[in-house]
1. Take Gly66 and tell me if it is over 16 Å from Thr105 (Cβ atoms), of a type in the set (Gly, Ala, Ser) and at pLDDT below 95.
2. Among (1) under 14 Å from the mean Cα position of the chain (by Cα); (2) within 15 Å of Arg45 (Cβ to Cβ); (3) of a type in the set (Ser, Thr, Tyr), where does Thr106 come up short?
3. What number goes with the only condition from (1) assigned to a loop (DSSP other than H, G, I, E, B); (2) of a type outside the set (Gly, Ala, Ser); (3) under 12 Å from the mean Cα position of the chain (by Cα); (4) surrounded by 19 or more Cβ atoms within 10 Å (Cβ to Cβ) that Gln113 does not pass?
4. All but one of (1) more than 13 Å from Cys22 (Cβ to Cβ); (2) open to solvent by less than 30 Å² (accessible area, probe 1.4 Å) hold for Ala97; which doesn't?
5. Find the residue count for segment 26-60, including only residues that are open to solvent by 20 Å² or more (accessible area, probe 1.4 Å) and in a loop (DSSP other than H, G, I, E, B).
Amino acid sequence: QVHLVESGGGLVQAGGSLRISCAASGRTISTYAMGWFRQAPGTEREVVARISSSGGGTHYADSVKGRFTISRDNAKNTVYLQMNNLKPEDTAVYYCAAGTRPITTTRADYWGQGTQVTVSS
C-alpha cells in the first residue's frame, strides 16, 4: 500500500510560480507511473501531467504545456510539479496519483488528499 501526501500549495498572483510535492510512504514508487490531477469548484477532475515510472516519458494537458513541469526523484520517493506563469484558471485542488498501469482521471491505484492552489488576478 502506498500513502501519498501533497504539499506546497498556496495563494499566488497571476504570473507567479509554485512548486508542489507529492511524498510517498509505505513502499517505493519506483515501479509506478505517477500523475498530477486537479479539480476546480463545479468541475470534474482533470489530468494535468503524467510521468512514467522511469521518468523518461511525460505528458501534459494542453492548458499547462510549456508552463508546468512534472518530475520525480525515486530515491526520495517524491514527485514534483513546477508551475510557472500561473493563471487564475489554474485555481484548483491538486491531487497526485500512482498506478501500475496508465493513469487516467478515473483509474489509479492510489490517490493523495490534495493541496489547494489559488491564483489571484
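1. Numbers: over 16 Å from Thr105 (Cβ atoms): yes; of a type in the set (Gly, Ala, Ser): yes; at pLDDT below 95: no.
No; evaluated as a whole, the condition is false for this residue.
2. The single condition Thr106 does not satisfy is (1).
3. (4)
4. (1)
5. Taking segment 26-60 and keeping what is open to solvent by 20 Å² or more (accessible area, probe 1.4 Å), we get 26-28, 30-31, 33, 39-47, 50, 52-60.
With the extra rule that they be in a loop (DSSP other than H, G, I, E, B), the set shrinks to 26-28, 30-31, 40-45, 52-57.
Total meeting the criteria: 17.
The values are calculated or read from the model by the stated rules, or taken from the named source; none is laboratory data. Owing to the predicted nature of the structure, the values given are computational and were not obtained by experimental measurement. Heads up, the Cβs are rebuilt from the backbone with ideal geometry, glycines too, and the neighbour counts pull from every protein chain shown. The area values use the complete protein model at the heavy-atom level, side chains included, leaving out ligands, DNA and RNA. Shrake-Rupley method; radii C 1.70, N 1.55, O 1.52, S 1.80 Å.
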